[in-house]
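Below: the structure, in structure tokens.
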Amino acid sequence: MIEELKEEQVINKVGGRFKLSTLIQKRLVQLNAGSRPLVSATASDNKMAIVLQEILQDKIFLDTSNEIRITGEMHESPSPDMSFDP
């Protein structure tokens, strides 16, 4: 598991070591708070291994504001205010 962190493939996939550590930390917080894994749980249910598999399988990524996004997740955008008084 730790060997995967040393591979350039994982680092490049995320965009650098800092982004990788940020993504891992934020996703571990989500999993510890009760979020469901996006990959099949491993035999040991090691959360770090789950996060690494989610990254390697392109299930999660950091957006431009360093927030975790799930692949295919719709970004909520505020709807324009349609009511106005002329």
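The values are calculated or read from the model by the stated rules, or taken from the named source; none is laboratory data. What you are looking at is a predicted structure, and each value in this text was computed from that prediction instead of being measured. Note that each Cβ is placed from the backbone with ideal geometry, even for glycine, and that neighbours are counted across all protein chains shown.
List, please: which pairs have Cβ atoms under 8 Å, are six or more places apart or on different chains, and start with a residue in the stretch 6-32 that is touching a residue at least 60 places away in the same chain (Cβ under 8 Å) and end with one that is crowded, with 16+ Cβ neighbours inside 10 Å and in a helix (DSSP H, G or I)?
none
Quick check on the stretch 31-51: of everything there that is surrounded by 15 or more Cβ atoms within 10 Å (Cβ to Cβ) and in a helix (DSSP H, G or I), which residue is modelled with the highest pLDDT?
Step by step, filter the stretch 31-51, then rank; the result is Leu31.
Just name the residue that is modelled with the highest pLDDT out of those in the stretch 10-19 that are over 17 Å from Ile70 (Cβ atoms) and in contact with a helix residue (DSSP H, G or I) (Cβ under 8 Å, 6 or more places away or on another chain).
Among them, the one singled out is Arg17.
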